[in-house]
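What follows is a single structure, written as structure tokens, with notes after it.
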Amino acid sequence: MGPIGSGKSTFVSHLTGAERKIGLQSCTSEIQIIKLQSPNSGYDVVFVDTPGFDDTHKSDTVILNSISDWLNETYNNQILLSGILYFRRISDNRMAGTPLKNLDMFQKLCGKKTLENVILTTTMWDEVDEFTGNAREEELKWKYWDYMLSKKSRISRFLNTRQSAWAVLDPILGSVHEERALLLQTEMGELKRCLPETSAGHGLFSTMEELLKKEQHVLRRLREE
């Protein structure tokens, strides 16, 4: 998961040149299900490449709805995730308002217990010098990712190679990793909440409502004038 253009699909393409889509036909085509074989363990690994947030063509509400539908369907089929990679470009020199909101939404989607299964994956290291990259990584650690790291999330660098991509996955594939339901899956599957009522959806839909009210207020003032 992560913002659009953060390197998710590039990461998968570096794992192998042979991609085979599998999975639920009822899901939107924007969610790509790819089955690969680990070169080290020989285990089959299934990747879920989700649409990126902050898309100029689709709202985050539409994207979150697409992801939540897939997560809810897999949860109902008793399929849980072994780990989640959250991608962030190290080439970005700041964390603006929208990425911050998306990061907050991601944390609420996962829930406290599942953050242990998250690997915060930085990309685009070939676009910065070592000093700049290290400085930005440290800033991410103490300023933006400190809460997730306190919940045992891990940080890893993707260096744009096949070897590096599989190395990012070592914490998940190299040991017995507990599969956990995301908070969003529990809220929708067990508590039967609709997306706007979930922790991840509430803030996003509240923001949309506020923007709509402001727009309606501006329109009223224009009519009065």
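Values in this text are rule-based calculations from the coordinates and carry no lab data. Small disclaimer: the values here were computed from a predicted structure and weren't measured. No Cβ is skipped: glycine too gets one built from the backbone with ideal geometry, and neighbour counts run over all protein chains shown.
Between H202 and K113, residue separation times 0.36 nm minus the direct Cα-Cα distance comes to 30.1 nm. Loop-located GluC sites (Glu not before Pro) across region 156-190 with a Cβ neighbour count of 14 or fewer within 10 Å are E178, E179, E190, with loop assigned by DSSP. Relative contact order, whole percent, for region 1-160 stands at 23, derived from Cα pairs under 8 Å and 6 or more residues apart.
Computed 3J(HN,Hα) for region 130-135, one whole-Hz value per residue from the Karplus formula 6.51 cos²θ - 1.76 cosθ + 1.60 where θ = phi - 60°, is 4, 4, 5, x, 5, 5, glycine and proline marked x.
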